[in-house]
1. Over region 65-167, what relative contact order in percent results from Cα pairs under 8 Å that are six or more residues apart?
2. Let's see if you can work this out: charge +1 on each Lys and Arg Cβ, -1 on each Asp and Glu Cβ, no other charges. What is the dipole magnitude of the chain about its Cα centre, in debye to the nearest 20?
3. Check the straight Cα-Cα distances from residue 76 and name the aspartates and glutamates below 15 Å, setting aside those fewer than 8 residues away within the same chain.
4. Which listed residue (18, 71, 87) has the Cα farthest towards the positive end of the charge dipole for region 14-124, taking +1 on Lys and Arg C-beta and -1 on Asp and Glu C-beta about the Cα centre?
5. Given (i) 128; (ii) 138; (iii) 155, which label gives volume of the Cα convex hull per residue in Å³ as computed from the coordinates?
6. Do the sum for the chain: with -39,500 (n - 2.57) for every DSSP H run of n ≥ 4, divided by all residues, what is the mean residue ellipticity at 222 nm, to the nearest 500 deg cm²/dmol?
7. Would you mind telling me which residue in 103, 197, 262 has the biggest mean-square fluctuation in a Gaussian network model of the chain, where springs connect alpha carbons within a distance under 10 angstrom?
8. Restrict the search to region 71-106; then list the trypsin sites (Lys or Arg not before Pro) that DSSP places in a loop and that have at most 13 other Cβ atoms within 10 Å of their Cβ.
Amino acid sequence: MNLLKSVRMLKRRALYRYEGPRKIRSDYRRFFGKELAEQPTTLTEKIAHRMIDLHRRDNPAFTRLADKIEVNDFVKKRVGERYLLDIIWQGTDPGAIPFDSLPDKCMAKTNHGSGFNHALIRPFDRELAIRQLREWLRRNYYFVGREAQYLKIKRRILIQPFIEEEDGARPLDYRLWCFDGKPEFIQADDQAHSINPFFDTDWNRLPFSYRDYDFAGVIARPSRLDEMLEVAAALSQGFDFVRVDLFNVRDRVIFGEMTFTPVVGKMRFMPEHWDRELGEKWRFQPA
């Protein structure tokens, strides 16, 4: 029996190490209309190669930091607990959520992927929340884009305070792209992903985007930009590339997440040459 189990595990491992990279290359070819270069130079090529490398050699640190619960210990040690949102409740069974004792407004989410967020506003639709969370828990987020850091996350639910501005507006998401522990540029995004401006660390607008529309509006410099840069630098130390997502809400900096393979590399930078210029900032060597 032990031999049979070992053979099955070896087969699954071989399939994983072959099928994942094959799918990543196929998706790259379909999206960009060309083969993935074996010696990557652009940012998007390097993201694809990182995804492939994670199938060849596991990186437990990436898995831990992609987990929305486990990452909190890392953040606490690096920059302090004050940058973390409280976890009101966590568990594996949506049916066990203590709805009666929750705040009138909070956010239920899962720890193992992206976009698995469900706003809870009293009076709660309990059946809808339970059904949605159970559906998300059944999914292994790895199979969405073959991001190996999500494969082994033990799926859980967490409920956190609802963050919003004083006028009730949802806050902007500030995404700090960091290379070798240094934030190089900042992407501002909203909840609907309807904007895509980039800024340098002095909050000057940069002349590129990767979405198919232009944003002509003005986004004011965040009140705690310098603090956000310090937090992102501290969290990104020891990583050749990571995107650190933060919020600046009611004059407070709040940690969002750490992303090691943004958008699974499916970004068409406009103008195109920026893909290569940004790639030059990443000192990455494929396995």
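1. Numbers: 141 pairs, mean separation 38.0, N = 103.
Relative contact order for region 65-167 comes out at 37 percent.
2. 1900
3. Qualifying aspartates and glutamates at Cα under 15 Å: 67, 86, 230, 257.
4. After comparing all options, I get 18.
5. It is the one labelled (iii).
6. Taken over the chain, the calculation gives -10500 deg cm²/dmol.
7. In the Gaussian network model the winner is 103.
8. Listed in order of number, the matching sites amount to none.
The values are calculated or read from the model by the stated rules, or taken from the named source; none is laboratory data. Just so we're clear, the structure is a prediction, and the values are computed from it rather than from any experiment. When we count neighbours, we look across all protein chains shown, and the Cβ atoms used for this are built from the backbone with ideal geometry, even at glycine. Remember, those area values only see protein heavy atoms, side chains included, never the ligands or the DNA or RNA. Shrake-Rupley method; radii C 1.70, N 1.55, O 1.52, S 1.80 Å.
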